Amino acid sequence: MRTTLRSILLWAVTAQAVAGQWGDRFDRAETFVQPRVASILPRDVSIDALAPSWADDDSWLEWSAADGQRQRIQLPGGKVTSVANSMAAPVAAPADRVSSSDGRFQVYADNHNLFVVDAAGTRQLTDDGELWRTFDPRYADSNPQARPIRSGQAPLVQFLGNSSWLVAERWDFRQVGSVWLADSTAAPRPASIEQRRAYPGDKNIPRAELWLIDAATGQRRLIANDGWAYVGNMDVGGGGIFPAPDGRSLYFVRMQRQYEVVELCRVAIPNGEVEVIWREQRDSYFTVRAPEVAFVGQGEQLIWKSDRDGRVHYYLIDARRKRLIRQLTSGAIAVSRVLHVDAGKREFFFEAYGDGQGGDPYYVHAFRASLGGGGQRRLDTEPATHSFAPSAAAKYFIDSFSTVTTPPRTVLRDRAGRIVKELAVAEPGPLRAAGWQPPERYKIKAADGTTELYGVMWRPFDFDSKRRYPVVAVVYPGPSGDYVPTRFSPSHVNAALAQLGFIVISPGTRGSASSRGVEYQTHARTSGNIRDYPLPDLRESIESLGASRPWMDLGRVGVMGHSGGGFMTLAAMLHDPEFYKVGIASAGNHDNNIYEMNSGEFYWGDPLTGPAGGPRGYATNMDEVKRLQGALLLIHGETDSDVPVANTMRVVDALVRANKLFDLLILPGRDHSIRYKDATADSYVRRRSWRYLAEHLSGTE
């Protein structure tokens, strides 16, 4: 089965045919990002799009072909046949409910409490819920609002094995300070929205609660918190809770406020007694923000994710004796997730960043490793980002992979990694023939002259090496991760921006990616300045690229970014005011002293005593506004619940006091994603940004 890109000719031909006038360029660039593009891009050949289904014994696989017809491959023989689409979909619980494994109980939330539905009818399981201490998933957020932020969501509940017992997660925000958001578009009157938000350094912080509840009897028990700042994970609903396969015990992670001490605990069911199985303690902090546990057999042994050797690897823990058995993975990789554990064969499969042999550290690969030690073996061979899905018994894996220059392929592999069958591939021939040009993935040295940085560059399709093009850096500093793409995305918004006549880069910087190892990630904290840490690498990237590419005009450099990228954009303009001529900063967290506590303290330490703090807290962009020289456009959504608009308004206040000229776009009723209920406003913000770059970087009205 092969899927071609013929329909993509529509915009590719347009890219060749239009003249170099700015009006036409805007129309051309818009073609990349309008909703209709979804219908002219290659058919999605990802694992999800194929809707695979397996036989329980792995004797066959079914998937959806390009024409919608279901195909079946017999395994291991490999015979492929067409099958009727007659498989009845299983009856599932409603989306807002959690069902027990035997289907006897369904749990949902209403009016902040939990209810259960079984053969006897509906019963209430809890009666002490309230707005700021709720089981209602519509308010399940690390910075909850007094209005529902989601709908149709199931509560944070997991059933324990085949029993009627469940674990329910709830957070108590009653003592946390309030902030207020204004919605000018609310009907019939403008409205204010209360939000509970703990700031870095606050005394009163949210408290996580874990409840054991018997859906059959209503019996419930609160698992003792014992004063730990976080239980499960620092983010509401962020995991860190692991029911054991035997249904008789529950594992969870708890951590001190800045992750300097992390413990893996076991809870006996139903008595709720807690015992510590494993403890991690650091002089700095434990960098695994999302802890992971995988069970071997019924849980006698555990696979645990840790950064204890300077990279994130897997370790084998004896759960009974509460001791480390051995390190399971090693080398220049950063493990991501366990795919399958085979207790009988004493091996497990996992995904990790990097190939362990010096390849691109951002590409995801799959590996097999022995529980007895001896290292890992990579299953795939292609230098690309892979996504694996195992069959029921992990005899086979579906693997979907691509790069920014090569379109996706999806194949069936056996346990040794050999390709059994190619399931889907997107052909790039017609796309290239029409004039489309792939972006360039580059590698350069950081400002320290040693660390390797990776990034992606887009050029106009009508690129002429004899011309000189202004440069736009689209930035994001992390530290949780960066926005440097690794997968095929011909309609990427940066590709659209390049069609306006810009060289567009998405650069990685030290401190931006947790997948690069502890030293790389913690550069955001150890550098001592949370505002300026990525800026030397950003400028070094641009100048290094420009040194070997004379068509990059380093006299006309702009920078733009969203959220942390908005923060970095303004910081870059203030740090190097002669170098960056234009900046567009949207939804920037310019003052991290009023951003969320959990991210701030995790990545940068205490604002007054931590390595990135100071006598007045974290460094802010307001501290340096007097240095502004270039053209600056600030954008923010009025009802942003992630980075409140106060972050931008404090910058506005400082700029006014410094008598600096700037431009401001406030979007009424708009949240952090900067999206309205329709696509019109999204297009408006994009075109405003593009025109701002055209006017101030290219000198075009």
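The values are calculated or read from the model by the stated rules, or taken from the named source; none is laboratory data. Everything quoted here is computed from the prediction, not taken from an experiment. Glycine gets a Cβ as well: all are built from the backbone with ideal geometry, and neighbour counts include every protein chain shown.
A count restricted to the range 411-466 and to residues that are under 26 Å from the mean Cα position of the chain (by Cα) and of a type in the set (S, T, N, Q) stands at 1. The residues of the range 586-602 that are within 18 Å of the chain's Cα centre (by Cα) and either acidic (Asp, Glu) or surrounded by fewer than 22 Cβ atoms within 10 Å (Cβ to Cβ) (or both), listed by number, are GLU596, SER599.
In the range 467-479, is there at least one residue being touching a helix residue (DSSP H, G or I) at 6+ places or on another chain (Cβ under 7 Å), surrounded by 21 or more Cβ atoms within 10 Å (Cβ to Cβ) and hydroxyl-bearing (Ser, Thr, Tyr)? Scanning the range 467-479 turns up at least one residue that is touching a helix residue (DSSP H, G or I) at 6+ places or on another chain (Cβ under 7 Å), surrounded by 21 or more Cβ atoms within 10 Å (Cβ to Cβ) and hydroxyl-bearing (Ser, Thr, Tyr). Against the condition surrounded by fewer than 20 Cβ atoms within 10 Å (Cβ to Cβ), within 29 Å of GLY354 (Cβ to Cβ) and in contact with a Lys or Arg (Cβ under 7 Å, 6 or more places away or on another chain), how does GLU452 come out, does it pass? So GLU452 passes the test. Counting the residues of the range 511-540 that are among the basic types (Lys, Arg) and touching a helix residue (DSSP H, G or I) at 6+ places or on another chain (Cβ under 6 Å) gives 2. Among the residues of the range 291-315, those that are hydrophobic (A, V, I, L, M, F, W, C), more than 16 Å from ARG279 (Cβ to Cβ) and assigned to a strand (DSSP E or B) comprise ALA294, PHE295, VAL296, ILE303. Where the second residue is of a type in the set (Lys, Arg) and in a strand (DSSP E or B) and the first is crowded, with 18+ Cβ neighbours inside 10 Å and lies in the range 311-333, which pairs have Cβ atoms under 9 Å and are six or more apart or on separate chains? Close Cβ pairs satisfying both conditions: VAL312/LYS305; HIS313/LYS305; TYR314/LYS305; TYR315/LYS305; TYR315/ARG326; LEU316/ARG326; ILE317/ARG323; ALA319/ARG266. May I ask you to list the residues in the range 161-198 that are hydroxyl-bearing (Ser, Thr, Tyr) and closer than 18 Å to HIS672 by Cα? If the condition is that a residue be hydroxyl-bearing (Ser, Thr, Tyr) and closer than 18 Å to HIS672 by Cα, then SER184, THR185, SER192 are the ones that fit. The number of residues in the range 220-258 being part of a loop (DSSP other than H, G, I, E, B) and of a type outside the set (Gly, Ala, Ser) comes to 14.
Among residues of the range 269-286 that are farther than 16 Å from ASP309 by Cβ and modelled with pLDDT of 90 or more, those with a beta-carbon under 7 Å from a residue that is part of a loop (DSSP other than H, G, I, E, B) and among the basic types (Lys, Arg) at least six positions away or on a different chain give the pairs ILE269/ARG248; ILE277/LYS322. Among the residues of the range 119-144, the one identified as at pLDDT below 95, outside any loop (DSSP other than H, G, I, E, B) and under 23 Å from TYR199 (Cβ atoms) is TYR139.
Within the range 321-338, can you find the residues that are among the charged types (D, E, K, R) and either over 24 Å from the mean Cα position of the chain (by Cα) or in a loop (DSSP other than H, G, I, E, B) (or both)? Show your work before the answer.
Of all residues in the range 321-338, those among the charged types (D, E, K, R) come to 321-323, 326, 337.
Within the range 321-338, ARG321, LYS322, ARG323, ARG326 meet the criteria.
Of the strands (runs of 3 or more DSSP E) entirely within the range 373-430, those holding at least 1 residues that are of a type in the set (S, T, N, Q) and at negative phi occupy 376-378, 385-390, 396-402, 409-414.
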